[in-house]
Amino acid sequence: MASVEILDFMGDDLMVVNAARVSFEKESYELTLGDEKLINYLAKHNHVTPFFHPQVQFRIRMPLFVAREWYRHQIGFSRNEVSRRYVDSKPECWIPHVMRERDSNKKQGSKEEPVEYADVCKELMEKSIDMSLKCYNELLAMNVAPELARTILPQSMYTEFIETGSLAAYARLYKLRTTSDAQREIQWYAREIGKHLETKFPICWKALISSSE
């Protein structure tokens, strides 16, 4: 199943304020209205370096095809992923609830409506996945190395990784991956990240996602 779990975090809204105020040899000991105004100013005018100081660590479980899009965001992130060179536990795969129709007006993307014969399409996908998993298990049973057997696993297979990123990096990811033209599946993960960060950094997060790129 898909999941986004926060493991650890460093800092708060005040950390961002003090990272900015050090330029003038000043420091705040509790968040004031003036500090909130400073946070909003920094975000609005794209003074992002103070927002790189807070760090957050997540354990994320998502399908491979989503992860490969997610990994395009590299600046400000560190990741370590489960490797099927070393493990041969039973793979789990994602199946869409709705087989969305291709949008002919876009080079990429889909409509909200399901494709014609959606049930047949879903059955085809399930059969293909089942065949891949069966083949994978047969290869392992024949003592094929996991690093080779894994090559026939589908992109719908779930992977899991630990990811640490800065508040600034997550804000940029969030704004790019929650737009209407982002794939529906990656939008869900970005919004889950946002829910966690809104709780941990309420002032900074609101300022960052409200600011323009």
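The values are calculated or read from the model by the stated rules, or taken from the named source; none is laboratory data. Owing to the predicted nature of the structure, the values given are computational and were not obtained by experimental measurement. Glycine also receives a Cβ, built like all others from the backbone with ideal geometry; neighbour counts cover every protein chain displayed.
So, in the range 21-36, exactly how many residues are within 20 Å of K206 (Cα to Cα) and exposed (fewer than 12 other Cβ atoms within 10 Å of the Cβ)? Number satisfying all stated conditions: 3. Only one entry in L64, L14 is of a type in the set (A, V, I, L, M) and more than 28 Å from T151 (Cβ to Cβ), namely L14.
When the test is whether a residue is of a type in the set (A, V, I, L, M), in contact with a helix residue (DSSP H, G or I) (Cβ under 6 Å, 6 or more places away or on another chain) and modelled with pLDDT of 95 or more, L173 does not pass it. Residues of the range 166-213 that are of a type in the set (K, R) and not in a helix (DSSP H, G or I): none at all.
Of S104, S128, which residue is exposed (fewer than 11 other Cβ atoms within 10 Å of the Cβ), out of contact with any helix residue (DSSP H, G or I) (no Cβ under 9 Å at 6 or more places or on another chain) and without any contact (Cβ under 8 Å) to a residue 40 or more places away in the chain? Sole residue among the options that is exposed (fewer than 11 other Cβ atoms within 10 Å of the Cβ), out of contact with any helix residue (DSSP H, G or I) (no Cβ under 9 Å at 6 or more places or on another chain) and without any contact (Cβ under 8 Å) to a residue 40 or more places away in the chain: S104.
Restricting the search to the range 100-120, which residues are at pLDDT 90 or above and under 22 Å from the mean Cα position of the chain (by Cα)? Matches in the range 100-120: R100 only. On inspection, A149 passes the criterion of being surrounded by 14 or more Cβ atoms within 10 Å (Cβ to Cβ) and either touching a Pro at 6+ places or on another chain (Cβ under 6 Å) or farther than 30 Å from L14 by Cα (or both).
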